[in-house]
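Asks: Quick one: the structure is below, and I'll ask about it shortly.
The values are calculated or read from the model by the stated rules, or taken from the named source; none is laboratory data. Owing to the predicted nature of the structure, the values given are computational and were not obtained by experimental measurement. All Cβ positions, even for glycine, are placed from backbone atoms using ideal geometry, and neighbour counts span all protein chains on display.
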Amino acid sequence: MRKLLIACVPLTILALISFSFAQSALPAPALPYSPSLDVSSMDKSVDPCVDFYQYSCGGWQQKNPIPPDQTSWGVYGKLYQDNLNFLRGILEQAAATKGQRDTVTQEIGDFYAACMDEPAVEKLGLGALKPQLAAIAQLKSVNELAPVVARMQLDLGGAIFFGSSARQDPDNSEQQIAGVEQGGIGLPDRDYYTKDDAKSKETRERYLQHVQKIFELLGDKPAVAKENADVVMRIETALATASLTRVERRDPYKRKNKIKLADLEQLVPSFDWAAYYRTLKAPQFEIINAAPPAFFKELEAQLKSEPIANLRNYLRFHAANGYAAYLSSQFVQENFDFYLKYLRGAKELQPRWKRCVQYTDRDLGEALGQAYVRKVFSPELKASTLDMVRRIEDAMAQRIGQLDWMGPETKEQAMAKLHGIRNKIGYPEKWRDYSSVKILRNDFLGDVQRTTEFERHRNFNKIGQPVDHGEWGMTPPTVNAYYNGQMNDINFPAGVLQPPLFDAKMDDAPNYGNTGGTIGHELTHGFDDQGAKFDAKGNLRDWWTKEDKQKFEERTKCVADQYAQYVVVDDLHINSRLTLGEDVADLGGEILGYIAWKDATKDKDLKPVDGLTPEQRFFIGFAQWDCSNTRPEEMRLRALTDPHSPSKYRINGVVVNMPDFASAFSCKAGQPMVNPPEKVCKVW
């Protein structure tokens, strides 16, 4: 992914999209216009050869302080909020409409109405959790644990004790198999439990207080709640310590451990796997991917050593903590205070309508997506987007052909992979059918549970089935895009096909710099340090010659060494082994965007605009996709968990490796935005 919020490019798009809502008193939602290159967002007092990000985005940062309910605020964050407003209009109309409604309108309207009925949620209080808590309270031994864990994973999702799902077979990408993986923790990452610095210790102490508060909200007296919090922390720390780090998880071979189900039963004999999968109603199977093995050995140790009372308290906490955002205001506030205010620096809770729009998109995304697509997405938009994607792919083919470090045998495999990529634009060809899900206007938590269970069953039912290449991992309104290595496809939802990510009023230069680079970014993910381990069919297979692989690793090491020098916040540096794939994709994507732009405009007489040459506009367009402000707390969290580098380095770290940038701004050797020739990183 390019970022939390990333985009794709139509060649034609309305600057302002507004729709008439017939027979409705509600105002028509609109997607406001923002230019893809905004001169007022620049700070021309800064020398672009010294700090190109500040030169391009300094004005934007001054004009756009972080809203109190946000942990960061950027160009894409603003677009995301515009999209939420637009979806709000759709949902409020769907919820308010009287009389006959089509199925999709009824589903999304009733779900949103139930979420917005805060008095009903408040009145129900903890009552919504009583069935789950009663099931946990009845546990008498570890032998009875599996069905309760399965039920919690169905209703709540998440990774109670461990994660579980269907997944593509790493050796046969056309087939789905069962999978279990590490999980079971309440902090954002295993490193929060293992690092010994002062901030990590403070965070663990604050988390203990949060866990204690949740137990108190469940009715425990403070002293008992504190004891129970210590139990949860002990179990989670053991599971975290046995888990792979985020850097280790970037190696798909470390996530691969195909064994027989009987072997998993021997690995964790204290857990009744047969009862677990019966409760999930999963298809029968023999082979399962269980990784990492060390985690499941530790899971067995915990199940064997902890009294059942402690395991019950672990489950009580995870039930309440997992549902906290959907319960009464006390739970909502505590959830916000720890996860958003303390960990990420938010000052205020988002208004309820924003949360409800996001929940609807998450749980009924392809129903809401149908309503969204009908209003904003045209066949012409899809065709023009595909056209630009193909231009970027042509640039990649040209780039592969010209690589001086890769031999013909590996080039042939790389070209096969490139030509095998599927481009999925806008929305799925076949919509998901939610008609079996009961949505009630007066049962918000129940709606969340039933939609979650629907999705979990849909996932588990894939076990043993062929892979559906038409399936999407994001909903159509999502402002994001992604590459999937095992599917070997690029996915651009309709939600990102808007200004300022592409602007039909602008010249080609900033559009190719911005969204052309984004398309190139996703394409390059197929060939970054992770994607390069999968072949054209998406199988985990080494398709490199030994010599070419060594040269590739030398080039990616250049990128890792460069980014490791950058400071995120205080004395915390970028974990460049975590961000390597995104950093390689940022660099490769922008090079592809530049090649494609030059080819698309080769017969045009390009003129300066606003005193900026076409080449300068290309690079400023690139920089302005990521103008942003971020709270220090959020920066610290991202440094530990986010595979993307901070915004400033995603721009400056790329241009120092592009001689075309130095030429565009007449930068001199020795200036900060110019790497010496021997230090210029060249991968793709």
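Asks: Having 2 or more residues that are at pLDDT 95 or above and of a type in the set (Lys, Arg) is the bar; report the helices (runs of 4 or more DSSP H) wholly within the range 217-315 that clear it.
Replies: Once the helices (runs of 4 or more DSSP H) in the range 217-315 are filtered for at least 2 residues that are at pLDDT 95 or above and of a type in the set (Lys, Arg), what remains is 222-241, 246-249, 293-305.
Asks: Just checking, how many residues over the range 439-480 are closer than 22 Å to Lys537 by Cβ and within 18 Å of the chain's Cα centre (by Cα)?
Replies: Total meeting the criteria: 3.
Asks: Name, by its number, the condition in (1) assigned to a loop (DSSP other than H, G, I, E, B); (2) surrounded by fewer than 18 Cβ atoms within 10 Å (Cβ to Cβ) that does not hold for Gly186.
Replies: Just one mismatch for Gly186, condition (2).
Asks: Consider Glu554 carefully, then state whether it is surrounded by fewer than 17 Cβ atoms within 10 Å (Cβ to Cβ), part of a helix (DSSP H, G or I) and out of contact with any strand residue (DSSP E or B) (no Cβ under 9 Å at 6 or more places or on another chain).
Replies: Working: surrounded by fewer than 17 Cβ atoms within 10 Å (Cβ to Cβ): yes; part of a helix (DSSP H, G or I): yes; out of contact with any strand residue (DSSP E or B) (no Cβ under 9 Å at 6 or more places or on another chain): yes.
In short, yes.
Asks: Please determine whether any residue of the range 113-131 is exposed (fewer than 14 other Cβ atoms within 10 Å of the Cβ) and part of a loop (DSSP other than H, G, I, E, B).
Replies: Checked against the condition, which is being exposed (fewer than 14 other Cβ atoms within 10 Å of the Cβ) and part of a loop (DSSP other than H, G, I, E, B), the range 113-131 yields no hits at all.
Asks: Scan the range 285-339 residue by residue and report those that are polar (S, T, N, Q) and touching a residue at least 40 places away in the same chain (Cβ under 8 Å). Even if it seems obvious, please write down each step before you answer.
Replies: Residues of the range 285-339 that are polar (S, T, N, Q), as a first pass: 289, 302, 305, 310, 313, 321, 328-330, 333, 335.
If the condition is that a residue be polar (S, T, N, Q) and touching a residue at least 40 places away in the same chain (Cβ under 8 Å), then Asn289, Gln302, Asn310, Asn313, Asn321, Ser328, Ser329, Gln330 are the ones that fit.
Asks: With (1) over 17 Å from Ile185 (Cβ atoms); (2) surrounded by 14 or more Cβ atoms within 10 Å (Cβ to Cβ) as the list, and Ala262 as the residue in question, which single condition is left unmet?
Replies: Ala262 satisfies every listed condition except (2).
Rundown of residues vs (1) crowded, with 17+ Cβ neighbours inside 10 Å; (2) of a type in the set (D, E, K, R), yes/no style:
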site	(1), (2)
Leu578	yes, no
Asp599	no, yes
Leu606	no, no
Asp610	no, yes
Pro614	yes, no
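Asks: Further, regarding this structure: Just to verify a result, which residue in the range 510-551, among those that are touching a helix residue (DSSP H, G or I) at 6+ places or on another chain (Cβ under 7 Å), in a helix (DSSP H, G or I) and hydroxyl-bearing (Ser, Thr, Tyr), is nearest to Trp597 (Cα to Cα)?
Replies: Tyr512
Asks: Follow-up question, since we're still on this one. What residue, among those in the range 240-259 that are surrounded by 15 or more Cβ atoms within 10 Å (Cβ to Cβ) and hydroxyl-bearing (Ser, Thr, Tyr), is nearest to Ala294 (Cα to Cα)?
Replies: So, considering only residues that are surrounded by 15 or more Cβ atoms within 10 Å (Cβ to Cβ) and hydroxyl-bearing (Ser, Thr, Tyr), the one nearest to Ala294 (Cα to Cα) is Ser243.
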